[in-house]
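The values are calculated or read from the model by the stated rules, or taken from the named source; none is laboratory data. No experiment lies behind these values; they were computed from the predicted model shown. Don't worry about glycine lacking a Cβ; one is built from the backbone with ideal geometry, like all the others, and counts go over all protein chains shown.
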Amino acid sequence: MNENLRRMRNIGISAHIDSGKTTLTERILYYCKKIHRIHEVKGKDGGGATMDYMELERERGITITSATTNVTWNEHSINIIDTPGHVDFTIEVERSLRVLDGAILVLCSVGGVQSQTLTVDKQLKRYNVPAIAFVNKLDRIGANPFKVKDQINDKLGRRAALLQVPIGLEDRFQGLVDLVRMKAYYFDGPNGEVVREEEIPPELEDPAWQYREELLDAVSLFSDELTEAILENRVTREMLLRAIRKGTINREFTPVLMGSAYRNKGVQLLLDAVVNYLPDPSEVENIALDLDREEKPVVLKADPTLPCVAYAFKLEEGPYGQLTYIRIYQGSLRKGEELYNTRSKQKFKVGRVVRMHADHMEDIEETGSGDIAALFGVNCASGDTICSPGLNYAMTSIYVPEPVISLAIEASNKLSADRLAKALNRFIREDPTFRVYIDPESKQTIIQGMGELHLDVYVERMKREYRVEVVTGRPQVAYREAITVRADFDYTHKKQTGGAGQFGRVIGYLEPFDGQYEFVNEVRGGHIPREFIPSCDKGFQAMLKKGQLIGSPIIGLRVVLTDGQFHPVDSSDIAFQMAAQGAFKQAYRKARPQILEPIMKVVVETPSEFSGNVFGSLNQRRGIIVSSIEDGSYSRIEAEVPLSEMFGYSTVLRSMTQGQAEFTMEFLKYSRLPAALAEQLMEEHRQKLEAGDKK
């Protein structure tokens, strides 16, 4: 096997907000000699973290886009993607995990498993990504890595065991005991760059052996050789490493490491663990679908001599044109080579191949299997598969959540209007969770996204990157309509004018349904010819875009077509579409439709002294408290709250907790809107329609 491939790792760093992902990445870059000076995330040194290269990220001290870099550690090449923690930028995490072979799950030693950790864990499992856990911030008051390890087992359902034990905690945190080597490690020098190996302090001898027993017990399941060695008391370091590696790669075991990235302790040992326990590209199975053979699955081999198969997972519009981030799964790719986009069916020549380091790029001539690189000037979309000519493969796409919040937006002058169109086109291509449409009634441009912060960032980027002066309207909630009872229809569409007329009759019923929409054909005896059945389905689907209550999309509907009638001359595709639309209007009101509103899962983490205020504020917002856990001086409150009540909540929460609380929210479900509010929305819709008619 190719030695370079064996020495390659593709890893992502993901976690809950403020667990220290970007700080950890900064330290990794420093110890791998990629940067020569450490910058802090909320840097006073005018720097800001290397990986947070957007001006907005540096100002806000948060990660907005995932950034890619490549480092070398112990002769191993590691591609690293630093991902955002905010749920609003969840697509950045999804697309990064889609192309990674392993991940570091960072947890705060005080907060432990938090709401966003659960979401990230779900994403890791969705893409079958092996992970090692890193318990960060051991220098903080209240740090307890043992409790965090238990939470990884209980809350995340992983089999986890400690690979290290801390020497002191909080302000007395000095170093770590490594349970594989059974040595103590201290981190000296101005930035912890000198790793000093010592014997284990006498007071930690017993706990260290006790935790080592736990570790051996957990990983002996993955190695018969190790099980025998434990019984005969001849365990070697190599045996233990092999067993941990096997369990981790099979996603049956999660090694737990720890340290404090901010205090420069434990990062080098984490890098050793990445090299020792996470898979190289050849150890991960990747499957493509062969479009020429009815989407038959094909296992891709990380072999540079085979034809190339690559996946475009992220686009970025730079000053020099479109930059396309790709992961190469098979074969190799070199400058000047011809490739084929299997979605657009177009061939293109590779102009420039670059390796990224945050926003800096380094030109390379060629790149091989397992690598992550970027191409310049390639016309493709996020999620496209790129192959050597002759192959017609497609990789499975990423999971894209539905947007939950919309905002009306317009340019304040003609010059800005042209720039706005450019900005919106670029953002849609880059981010699949960002959508734009024109409201047919108000003729307003509506942008949709995953949350207030998400849209906020895009509006800010329009102002800065495109110098667009925009005016934003009130955020709109993505309401839905749904029927509650079964309703029958029997509708005839008849249009007789000179020449050929139109005729179509449809009989059946609408009924509530658990999914989005289903069409069932139960017409027997050829009362509606087979070629017109899809026309009926098309007609019904056209009506789902706008309900009759407030003009919102309709969900949860099954249409059952039982009978009908046709005319040998006057029946046509359009006649049956019109008949279906008429039938829908006839039955919809009888089916007692109701308005549904999006309910968000809101998790607030606050100092316990303010938890009473937080309860009150969530109750005022029609929230239902699901659980409340007090953990030392902090409380974690979980609630289900309608999205319409959550606008501006961050400001309210900050002021009532002296800026110490934080919250996350993600879409949970749709639920019935209370009658009084539904009536109010319907009245507003009626007025809007009347105003439109008068115009």
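With respect to residue 218, is the statement that it is of a type outside the set (Val, Ile, Thr), surrounded by 15 or more Cβ atoms within 10 Å (Cβ to Cβ) and closer than 30 Å to residue 361 by Cα true? Steps first, answer last, please.
Values: of a type outside the set (Val, Ile, Thr): yes; surrounded by 15 or more Cβ atoms within 10 Å (Cβ to Cβ): yes; closer than 30 Å to residue 361 by Cα: no.
Criteria not met by residue 218.
For every residue, the table says whether it meets (1) modelled with pLDDT under 70; (2) within 25 Å of residue 121 (Cα to Cα).
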residue	(1), (2)
16	no, yes
39	yes, no
45	yes, no
57	yes, yes
72	no, no
80	no, yes
99	no, yes
Only one of these conditions is not met by residue 614: (1) surrounded by fewer than 21 Cβ atoms within 10 Å (Cβ to Cβ); (2) within 30 Å of residue 664 (Cα to Cα). Which number is it?
(1)
For region 314-349, which positions are touching a residue at least 12 places away in the same chain (Cβ under 8 Å), part of a loop (DSSP other than H, G, I, E, B) and within 27 Å of residue 91 (Cα to Cα)?
320, 342, 343, 344
Right, residue 132: touching a Phe, Trp or Tyr at 6+ places or on another chain (Cβ under 7 Å) and among the hydrophobic types (A, V, I, L, M, F, W, C) or not?
yes
Answer yes if at least one residue in region 659-671 is of a type in the set (A, V, I, L, M) and farther than 21 Å from residue 557 by Cα, and no otherwise.
yes
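Does residue 91 satisfy being modelled with pLDDT under 90, β-branched (Val, Ile, Thr) and assigned to a loop (DSSP other than H, G, I, E, B)? Write out each step before concluding.
On the way: modelled with pLDDT under 90: yes; β-branched (Val, Ile, Thr): yes; assigned to a loop (DSSP other than H, G, I, E, B): no.
The answer is no for residue 91.
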Can you tell me which residue is nearest to residue 90 (Cα to Cα) among those in region 627-662 that are modelled with pLDDT under 80 and among the aromatic types (Phe, Trp, Tyr)?
647
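Any idea which of 120, 110, 129 is over 16 Å from residue 258 (Cα atoms), in contact with a strand residue (DSSP E or B) (Cβ under 8 Å, 6 or more places away or on another chain), in a loop (DSSP other than H, G, I, E, B) and among the β-branched types (Val, Ile, Thr)? So that I can check it myself, show each step before the final result.
Numbers: 120 fails: in a loop (DSSP other than H, G, I, E, B); 110 fails: over 16 Å from residue 258 (Cα atoms).
Only one candidate passes the filter, namely 129.
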Extreme residue, nearest to residue 412 (Cα to Cα), among residues of region 473-497 that are under 33 Å from the mean Cα position of the chain (by Cα) and part of a strand (DSSP E or B):
473
Those residues of region 387-426 which are closer than 26 Å to residue 97 by Cβ, hydrophobic (A, V, I, L, M, F, W, C) and buried (at least 19 other Cβ atoms within 10 Å of the Cβ) amount to 387, 391, 395, 398, 404, 405
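Does at least one position in region 574-581 carry a residue that is under 23 Å from residue 672 (Cα atoms) and outside the structural domain of residue 452 (by TED's automatic domain parsing)? I'd like the intermediate steps shown before the answer.
Taking region 574-581 first, the residues under 23 Å from residue 672 (Cα atoms) are none.
No, that holds for no residue.
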Being of a type outside the set (Lys, Arg), assigned to a strand (DSSP E or B) and within 20 Å of residue 382 (Cβ to Cβ) is the filter here, so list the residues in region 430-460 that pass it.
436, 437, 447, 448, 449
Please specify each residue of region 146-187 satisfying the condition of being of a type outside the set (A, V, I, L, M), closer than 17 Å to residue 255 by Cβ and in contact (Cβ under 8 Å) with a residue 60 or more places away in the chain.
149, 158, 159, 164, 166, 178, 185
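Answer yes or no as to whether residue 192 is closer than 21 Å to residue 31 by Cα and either part of a loop (DSSP other than H, G, I, E, B) or not assigned by TED's automatic domain parsing to the domain that holds residue 118 (or both). Before the answer, list the steps.
Details: closer than 21 Å to residue 31 by Cα: yes; either part of a loop (DSSP other than H, G, I, E, B) or not assigned by TED's automatic domain parsing to the domain that holds residue 118 (or both): yes.
Spelling it out, residue 192 is indeed closer than 21 Å to residue 31 by Cα and either part of a loop (DSSP other than H, G, I, E, B) or not assigned by TED's automatic domain parsing to the domain that holds residue 118 (or both).
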In the set 541, 548, the lone residue that is modelled with pLDDT under 90 and surrounded by 15 or more Cβ atoms within 10 Å (Cβ to Cβ) is 548
Selection from region 119-155 of residues that are modelled with pLDDT under 85 and among the β-branched types (Val, Ile, Thr):
119, 120
Residue list for region 13-37, restricted to those being under 20 Å from residue 361 (Cα atoms) and among the hydrophobic types (A, V, I, L, M, F, W, C):
28, 29, 32, 35
Within region 125-153, the residues that are under 20 Å from the mean Cα position of the chain (by Cα) and farther than 24 Å from residue 268 by Cα are 125, 126, 127, 128
For region 567-578, pairs from a residue that is in contact (Cβ under 8 Å) with a residue 24 or more places away in the chain to a residue that is in a loop (DSSP other than H, G, I, E, B), with Cβ under 6 Å and 6 or more apart or across chains, are 570/501
In region 581-609, which residues are out of contact with any strand residue (DSSP E or B) (no Cβ under 6 Å at 6 or more places or on another chain), over 30 Å from residue 449 (Cα atoms) and buried (at least 16 other Cβ atoms within 10 Å of the Cβ)?
581, 584
Does region 291-313 hold any residues that are in a strand (DSSP E or B) and at pLDDT below 85, and which are they?
313
Would you say residue 362 is touching a strand residue (DSSP E or B) at 6+ places or on another chain (Cβ under 6 Å), of a type outside the set (Phe, Trp, Tyr) and part of a strand (DSSP E or B)?
yes
From 257, 204, grab the single residue that is surrounded by 14 or more Cβ atoms within 10 Å (Cβ to Cβ) and assigned to a helix (DSSP H, G or I).
204
Within region 88-113, take every residue that is touching an Asp or Glu at 6+ places or on another chain (Cβ under 8 Å) and small (Gly, Ala, Ser) and give me the one that is farthest from residue 277 (Cα to Cα).
111
Do we have any residue at all in region 512-525 that's more than 21 Å from residue 557 (Cα to Cα) and in contact with a helix residue (DSSP H, G or I) (Cβ under 8 Å, 6 or more places away or on another chain)?
no
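Could you please let me know if residue 480 is surrounded by 13 or more Cβ atoms within 10 Å (Cβ to Cβ) and at pLDDT below 90? Before you say what the answer is, go through the steps one by one.
On the way: surrounded by 13 or more Cβ atoms within 10 Å (Cβ to Cβ): yes; at pLDDT below 90: no.
Judged against the criteria, residue 480 is not a match.
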